[in-house]
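In what follows, a structure is listed as structure tokens, so that the remarks can point back to it.
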Amino acid sequence: MKKFLSGKVVKIILLSILGLVVLLGAGGTGYYFHITRGPMPRIDGTLQAKGLTDRVEVIRDSNGVPHVYAKNMHDLFFAQGYAQAQDRWWQMEFFRHTCAGKIEELTGKKPNLVSADIYLRSLGLYQACRRDYEKFTQAERAVIDAFAEGVNAYIAGRSPGGLSVNYSILGLTGVKFTIEPWTALDTLAFSKLMAWDLGLSRDPEVTWTKLHRLLGKEMAERWFLPPWPFGKKPTVLLEEDARAIGMNVASSAADGMAVSFRTCEFSGYPGDDPVPDLGWLNGGLEGAGSNSWVATGPMTRSGKPLLENDPHLGIQMPSIWYEVALHCADDGSGRPFDVAGFTFAANPGVVVGHNRDIAWGTTNVYPDVNDLYMIKVNPDNPLQYQWNGAWRAMTVRQEVITFGNGKPAVSITVRETHLGPIINDNKYDASADKPGGFNNADPLALRWTALETGRIVHAIIGLNKARNWEEFRVALRNWDVPSQSIIYADTKGNIGYQMPGRIPVRPANLNGQVPTPGWGSEYEWKGYIPYDLLPRAYNPARNFIVAANQEAAPASYYAMLNARLGGNADFGSTFNKWNYGYRGERIGELMTKLAPHTVDTYRAIAGDNRYLPADEILPYLAALKFDDLALTEARDWLVGWDRVATEQSPHAALFGCFWMKLMINLFKEELGDTVKLDGTDREMRAVALLLENARDAWWDDPSTKDRTETRDDILARSFREGHVAAVEAMGGNRARWEWGKLHKARFVSNPLGASGIGLIEKLVNGGPVPIGGSTECVNSQMWYVHNGNYEARSIPSMRMIIDMADPEKSVCINSTGQSGHPGSPWYENMITAWRNAEYHPMLWTREQVDGDAAHRLVLTP
């Protein structure tokens, strides 16, 4: 975790707190109470909220979840904004500063954040959002405008310390705060930040170029782009689904596509990755994903659909999700508006959940929706670039980066081409403490669909109102980025799946996996895949659908797509970031095994800790010969493991230690610092394939010049070192080993949770708590090898099970709690239940809400 505060600043804060405690004596406790309780919002009684047109009731249940009852849609979203600002204002403030490249306005100038602000300013998220907003009609603006009005009604007139403890503590460092009104652009920008986090942040174009140069194409591809296991693991759409909607071709026509599916050309780009380290933003989420599945008919006990969703996102405090229920007697068309589920603090409506008629959930899809273009700059004019043999003028804008602690502001010039902004100008020079100027040696322009016109907020509100499959699909036409796998269920018994998104159609000479020439139209995108050609399924014969980030469609689908769109595009590389299918395979297995399903069987699946990758590795470990009898006995003990990674499992602890050493011994010497070793599904698939060839070049350790290692040498070394690591961490008695002693969840609040001050971190952070699960278990508690420990970095950020036979029986759990205030009883009250895969009722009817009402707030005009 990158530290937000320097050592000097830490000392200032500690001395300030110590001085206050000494000055106040026993009153020091009062100061602590003031800064933690002072920001707590009023959630009972009656309050006037300027901007409302009628009375609104906000009932918070025993878990702090607000249920909003309004008489018109404007007031509904106004009150939603008000309630979410009450609970999560600092989260909203921090994320909008991140979107705008203004992080240091909140934290003061620190060299490790200057590069982040420069990069985010260069992206120009707010410029893109303004273009979006200006294209909306007045009616389309109404929801986000009403939401912003509600947020501002809450924050207006409140001091920074009256809104969040973060302001009070950061103020001790000399940071001055001016709280600006919330705007519709802040909401839109957060959607683009999520698109960045779920897509662009994982783009490997520069990494692939470096690996190709370092290892050669063949060896690099065996690690970085192992082929997806068509025929061995289930895709979301199966062949029969593709046939049912006319999305397949004869299998023979797909053979060529399947064979060349992940090939990649080399780029001559010589530079570094322009994306700075933003791992603190959402956990550094390479390999993260989500689970979702839906079943109906004979697959459920009721005969009606059951839908599950648990998105895997970076571990945060508070959770990125916010549970809410919205109710209005008239949605503007004479129909009632009732919807419940989860949203983001910055967003109106419900992102995933259910209404009176349908339910939906999302998982990430990972299509390649961005490209880096190498730009040729006019040597006589740095504001011109070459295009089709002529010089074309760039668009230029000035950005001023200010610092909350009064340090001198920094000005940068951002250059933009028609392809997108140049994102590797203004590189920060730490020694000179200032950004550089234009990069005319190897400038890169970014083309990214999120910088084009977006309408995802309209998609979300459309889903909230949809009554059937047709209206669901109409709403998703507006879901442009980030592309998702979205599953569907309705009260009539139907289930479905739709992948939406603006997906580029690339020419055959551009596969999007490396930086490409940006000086001619032959390298431009040809358009986008038509929505009606994107993968979808409706009421498949098997009566269930599983979408867990695996390949969305069989190979024949891509051949069909290529044929339908001219026959000269490369869709094998457009869809190239899928998960390698371990979770999808296990969920599918349990869907069949545990049917007919109930909420309880879904709970069991969501908490399942079966670790399929171990099945691919342990047979090879079992065949090894050790001279050391203790190692032989420990190996035999591990091979007998049931492959279930519970929190208490001693076997899972040893396997985790072995896996970390295997990743280092197999890949680290070759890769050096070129790329981070995650140890996630990509490496798991690569290892499974490398195990089949005992003398593959990857098994050789280049640091030993006098010998050539084989598979068995590296496996034996890794097990020996892993066993030593387990003993050092947990002692020599295996009976006392537990996976949860190594594998923990630590919930870190930005930025104070990474301050380096124990007293403050204890106040704002949650955990660490021991957990079960692991990378690619259905209970996906993902940890990364490059961190050097076993702590989870990506988790099921919430879990939700919706029963369309009786929505009152739906259940869910957030990973932390509803509130963003450390003094609130709802700040971390859900961590224990989340850790144990327990749930609370997802209240739906007014009778349920009144029966569990803990607080009632009435807002009046």
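Observations
- Proportion of all alpha-carbon pairs of the range 724-861 beyond 21 Å (%): 57 percent
- Both the radius of gyration and Dmax for the range 662-745 are 14.8, 43 Å, in that order, over alpha-carbon atoms.
- The string of couplings for the range 362-367 from the Karplus curve (6.51, -1.76, 1.60, θ = phi - 60°) is 10, 9, 6, 10, 6, x Hz, one whole number per residue in order, with x for Gly and Pro.
- For the chain, with all protein chains in place and a probe radius of 1.4 Å, 51% of the accessible heavy-atom surface sits on carbon or sulfur.
- Estimated [θ] at 222 nm from DSSP helical runs (n ≥ 4, -39500 (n - 2.57)) normalised by residues in the chain, nearest 500: -10500 deg cm²/dmol
- Selected from 247, 773, 318, residue furthest toward positive end of dipole (the chain; charges at beta carbon): 318
- Cross-link reach is defined here as a Cα-Cα straight distance under 20 Å, omitting same-chain residues fewer than 8 places apart; for residue 661 the lysines meeting it are 625, 676, 741, 744.
- For the chain, the solvent-accessible area works out to 35 Å² per residue, with a probe of 1.4 Å and every protein chain left in place.
- Candidate lysines for bridging to residue 176, where Cα separation is under 17 Å - those fewer than 8 sequence places away on the same chain excluded: 102, 109, 110, 407
- According to the calculation over all Cα-Cα pairs in the range 473-550, the P(r) per 10 Å bin from zero is 16, 37, 28, 14, 6, 0 %.
- Alpha-carbon geometry of the range 31-137: the Rg and the Dmax are 18.2, 50 Å, given in that order.
- The charge dipole of the range 52-101, taken about its Cα centre with unit charges on the Cβ of Lys, Arg, Asp and Glu (plus for the first two, minus for the last two), comes to roughly 60 debye.
- Between residue 240 and residue 46, residue separation times 0.36 nm minus the direct Cα-Cα distance comes to 64.1 nm.
- Scattering profile of the range 80-229 at q = 0.16 Å⁻¹ [log10 I(q)/I(0), Debye over alpha-carbon scatterers]: -0.95
- Spread over its residues, the convex hull of the C-alpha atoms of the range 269-380 is 226 Å³ per residue.
- Spatially proximal aspartates and glutamates relative to residue 809 (Cα-Cα < 19 Å; intrachain offsets below 8 disregarded): 61, 308, 310, 323, 338, 357, 490, 600, 838, 847, 850, 852
- Note: relative contact order over the chain, using C-alpha pairs below 8 Å and six or more positions apart, is 20 percent.
- Pairs with C-alpha atoms separated by more than 32 Å, drawn from the list 192/526; 232/465; 217/526; 376/434, are 232/465.
- Dipole-positive endmost among 422, 79, 811 within the chain (Cβ charges, Cα centre): 79
- The alpha carbons of the range 633-779 give a radius of gyration and a Dmax of 17.8, 55 Å, in that order.
- Our coupling estimate for the range 654-660, obtained by passing each phi through the Karplus curve with A = 6.51, B = -1.76, C = 1.60 and θ = phi - 60°, is 5, 5, x, 5, 5, 5, 4 Hz, Gly and Pro reported as x.
- 37 °C / 0.692 mPa s Stokes-Einstein diffusion coefficient of the range 380-468, Kirkwood radius on C-alpha pairs, µm²/s: 202 µm²/s
- Point-charge dipole on Cβ atoms (K/R +1, D/E -1) for the chain, about Cα centre, debye to 20: 1260 debye
- Taking Kirkwood radius over Cα pairs in Å as calculated from this structure, the corresponding entry among (i) 29.2; (ii) 36.6; (iii) 28.2 is (iii).
- Structural descriptor for the range 129-184: relative contact order 41 percent, calculated from alpha carbon pairs under 8 angstrom and at least 6 residues apart.
- Stokes-Einstein D for the range 516-657, Kirkwood Rh over Cα pairs, 25 °C, 0.890 mPa s (µm²/s): 125 µm²/s
- Surrounding net charge for residue 144, when Lys and Arg each add one and Asp and Glu each subtract one, Cβ distance under 12 Å: -3
- Unit charges on C-beta of K, R, D, E only; dipole of the range 319-474, Debye: 200 debye
- Under the Karplus curve 6.51 cos²θ - 1.76 cosθ + 1.60, θ = phi - 60°, whole-Hz ³J(HN,Hα) for the range 298-308, x wherever Gly or Pro sits: x, 7, 10, 5, 7, x, 9, x, 10, 10, 10
- The range 444-585, Rg to Rh (Cα coordinates; Rh as Kirkwood inverse mean 1/r): 0.99
- Scanning residues 5 or more positions from residue 485 or on other chains, those with amide H under 5 Å from its amide H are 363, 364, 365, with H placed 1.01 Å from N in the peptide plane.
- Taking Cβ atoms as reference points and 15 Å as the exclusive limit, the residues near residue 66 contribute a net charge of -4, counting Lys and Arg as +1 and Asp and Glu as -1.
The values are calculated or read from the model by the stated rules, or taken from the named source; none is laboratory data. The shown structure was predicted, so the numbers you read here are calculated from the model rather than taken from an experiment. Here the Cβ is made from the backbone with ideal geometry for all residues, glycine too, and neighbour counts use every protein chain on show. To get the accessible areas, we keep the full protein, side chains included, count just its heavy atoms, and leave off ligands, DNA and RNA. Shrake-Rupley method; radii C 1.70, N 1.55, O 1.52, S 1.80 Å.
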